[in-house]
Amino acid sequence: MARKPNYQFERMERDRSKAAKVAEKAAAKQREREEAARLANPDGFASTEEA
């Protein structure tokens, strides 16, 4: 006999996996930005030009 579908749970699981993907992409973008900033300024100091 087939089980009764639990639509609410299935939707919650889809939303959870979608949120995990979004968070993973955001973390990857953040790491990429930090890496670019580190490569642009390897000394670790803010680039302040004095005139």
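In the set R14, R31, R3, which member is at pLDDT below 95, at negative phi, open to solvent by 100 Å² or more (accessible area, probe 1.4 Å) and among the basic types (K, R)? I'd like the intermediate steps shown before the answer.
Numbers: R14 fails: at pLDDT below 95; R31 fails: at pLDDT below 95.
From the options R14, R31, R3, the qualifying one is R3.
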Quick check: is even one residue across segment 35-48 open to solvent by less than 100 Å² (accessible area, probe 1.4 Å), in a helix (DSSP H, G or I) and modelled with pLDDT of 95 or more?
no
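The values are calculated or read from the model by the stated rules, or taken from the named source; none is laboratory data. Quick caveat, the model's predicted, so the values are computed rather than measured. Ligands, DNA and RNA are stripped out before the accessible areas are found, and what is left, the full protein with its side chains, is counted by its heavy atoms. Shrake-Rupley method; radii C 1.70, N 1.55, O 1.52, S 1.80 Å.
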